[in-house]
2 protein chains.
Amino acid sequence: MSERSLARVATPIPRQSNLGELSYERLKEIIIAGAFPPNEKLTVRSVSAALGVSTTPARDAINRLISEGALAYVAPKTVVVPSLTVEALDEITATRLAIEGLAAERSVLSVTPGDVAGLAQMQARIIAGLDQGNYREVLKINREFHFTIYRMSGWPRLVAIIETMWLRVGPSFNALYPAFAMNRQGVANHLAAIDGLNAKDGAKVRAAIENDIRDGYVRMKAMIESQN
Amino acid sequence: MSERSLARVATPIPRQSNLGELSYERLKEIIIAGAFPPNEKLTVRSVSAALGVSTTPARDAINRLISEGALAYVAPKTVVVPSLTVEALDEITATRLAIEGLAAERSVLSVTPGDVAGLAQMQARIIAGLDQGNYREVLKINREFHFTIYRMSGWPRLVAIIETMWLRVGPSFNALYPAFAMNRQGVANHLAAIDGLNAKDGAKVRAAIENDIRDGYVRMKAMIESQN
DNA sequence: TTTTGTAATTTGATGCAACAAAAAAGATCG
DNA sequence: CGATCTTTTTTGTTGCATCAAATTACAAAA
């Protein structure tokens, strides 16, 4: 009894699962996976047909992704996955350093030994994935690793903002794989973050995450510039 | 010819003005103005009737405000303006310090003497408003003052995130007026920001804005706690 | 071949009806 | 009088037809 009511209270956002929500989730995954060519038109009817729903939930999904910055208008009736420019990357990286650094620093306030063990396990899977060349898996667990730390901040609104940041770099990030999968430098950053969490040293966790973001920035920037 | 094509390229977001957009803008203003009692239900049909549009644009507006955090589900079919808790205020304030500080620091990169003159003029209107007890006007210009600085960062995505932050504190901020209108302490912070912009001293502008946010936090927190 | 004007098509927005689920009101029983 | 069950009303969602606007395709002229 008290367990069930607690679970309801603890639920941050009791957003019901409707077709618009499901369409949004699926379309978001498709975009993050980099499966959608940048600058290619997305129409309500094409999404509607692809997902097997009517125009209303398809339109809902597109509108929500536009408001989150994952999609953008380039002309009055033309919605596309925006291609990441160097200018956009600069802006997003600076913002990420500020807010992901904040979340990382706060993570030590609630971290438990079990949390650290879980992160260490993820890290082991990342290393195994790198050894096997399973880069898709590496990117997925990398994301899980980061957000596990961010969620420890206990600040769901902050985590939600961070998610929209990842939604903007994700498509380029994933479309360019495997050139972009984490390298051994990334591994070192993750290990430093785990060390910092063990020592409950917020500054160290922040520094590790910031380094990870900066390393990714350098490689992503080189990648974008080589595309031109 | 080249002028027209340039204008099209320069346009950041060619979001067309449709009924959904207009409904969103109007509903947002109503919410920010604090005119809507927190925890009171908002229904699609009531918004539809109030704005004189059909259910579709009304639903679009509500959904968008939910995704921006200005509205929230408290039960499966119940959408309300969320009342600001101390915990939410803590989280939002920390996030604001990080991102508004970042925008403020960058503002010196593009500031012009004309910009500073404009801010000084706003500040004069704020002081006049305080003298006349016209607190509604003071709050409005205060917002304009801050966003003028933030926009100087040249980072529209960052400004958009800041706007969603203001959208979350705005209702409580405005609902509690005139108790909440800026005091002379706020004036000092603004003058310090102007000084920093004149000297192109990013750190000083950031410090001034951070102080302004902290001063507001202290008063807002006291206000929330006195409500219980 | 390039440009320009026009027709055909595509497309998002809008309003609305139908439906299912939830909430509110009312009734019944202990 | 209070609790529980039932009925009624409210409400969000979904699908779809219609319309205006924008895009595309095409043809004609330079």
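The values are calculated or read from the model by the stated rules, or taken from the named source; none is laboratory data. What you see is a predicted model, and the numbers here were worked out from it, not measured in a lab. When we count neighbours, we look across all protein chains shown, and the Cβ atoms used for this are built from the backbone with ideal geometry, even at glycine. Calculation scope for accessible area: heavy atoms of the full protein, side chains included, ligands and nucleic acids excluded. Shrake-Rupley method; radii C 1.70, N 1.55, O 1.52, S 1.80 Å.
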*Matching option when the condition is at pLDDT below 95, open to solvent by less than 30 Å² (accessible area, probe 1.4 Å) and either farther than 22 Å from B:Ser153 by Cα or within 16 Å of DNA strand D (Cβ to nearest atom) (or both), among A:Leu130, A:Leu84*: A:Leu130
*Taking helices (runs of 4 or more DSSP H) that do not extend beyond segment A:107-194, which have at least 3 residues that are closer than 25 Å to A:Ala72 by Cβ?*
A:135-151, A:156-175
_Residue identified as among the aliphatic types (A, V, I, L, M) and within 12 Å of chain B (Cβ to nearest Cβ) among A:Ala70, A:Ala58, A:Ala117, A:Ala128_ = A:Ala70
_Positions within segment A:144-165 being closer than 21 Å to A:Arg184 by Cα and surrounded by fewer than 17 Cβ atoms within 10 Å (Cβ to Cβ), in sequence order_ = A:Glu144, A:Phe147, A:Thr148
*Looking at (1) within 9 Å of another protein chain (Cβ to nearest Cβ); (2) assigned to a strand (DSSP E or B), find the lone condition where A:Val79 falls short.*
(1)
*When segment A:30-52 is examined, which residues are found to be under 17 Å from B:Asp60 (Cβ atoms) and either within 14 Å of chain B (Cβ to nearest Cβ) or in a loop (DSSP other than H, G, I, E, B) (or both)?*
A:Val44
*Identify, from the list B:Asn189, B:Asn198, the residue that is open to solvent by 60 Å² or more (accessible area, probe 1.4 Å) and assigned by TED's automatic domain parsing to the domain that holds B:Gly114.*
B:Asn198
_Here's a check for you: in segment A:140-162, which residue that is among the basic types (Lys, Arg) and within 13 Å of the chain's Cα centre (by Cα) is nearest to the other protein chains (Cβ to nearest Cβ)?_
A:Arg151
*Would you mind telling me which numbered condition in (1) out of contact with any helix residue (DSSP H, G or I) (no Cβ under 8 Å at 6 or more places or on another chain); (2) over 21 Å from A:Val111 (Cα atoms); (3) within 14 Å of chain B (Cβ to nearest Cβ) A:Arg168 fails?*
(1)
*From the list A:Gly133, A:Gly154, which residue is over 24 Å from A:Arg214 (Cα atoms) and away from DNA strand C (no atom under 16 Å from the Cβ)?*
A:Gly154
_Being closer than 24 Å to A:Trp155 by Cβ, open to solvent by 60 Å² or more (accessible area, probe 1.4 Å), touching a Gly at 6+ places or on another chain (Cβ under 7 Å) and not aromatic (Phe, Trp, Tyr): is that true of B:Arg168 here?_
no
*Looking for whichever is open to solvent by less than 60 Å² (accessible area, probe 1.4 Å), near DNA strand C (Cβ under 10 Å from one of its atoms) and polar (S, T, N, Q) here; the options are A:Thr55, A:Thr78. Which one fits?*
A:Thr78
*Checking B:Leu65 against (1) in a helix (DSSP H, G or I); (2) within 14 Å of DNA strand D (Cβ to nearest atom); (3) more than 16 Å from the chain's Cα centre (by Cα), which single condition isn't satisfied?*
(3)
_Cβ-Cβ under 7 Å pairs, at least 6 apart or on other chains, segment A:33-56 side on the phi < 0 side of the Ramachandran plot, far side open to solvent by 70 Å² or more (accessible area, probe 1.4 Å) and charged (D, E, K, R)_ = A:Val44/A:Arg59; A:Leu51/A:Arg26; A:Thr55/A:Arg45
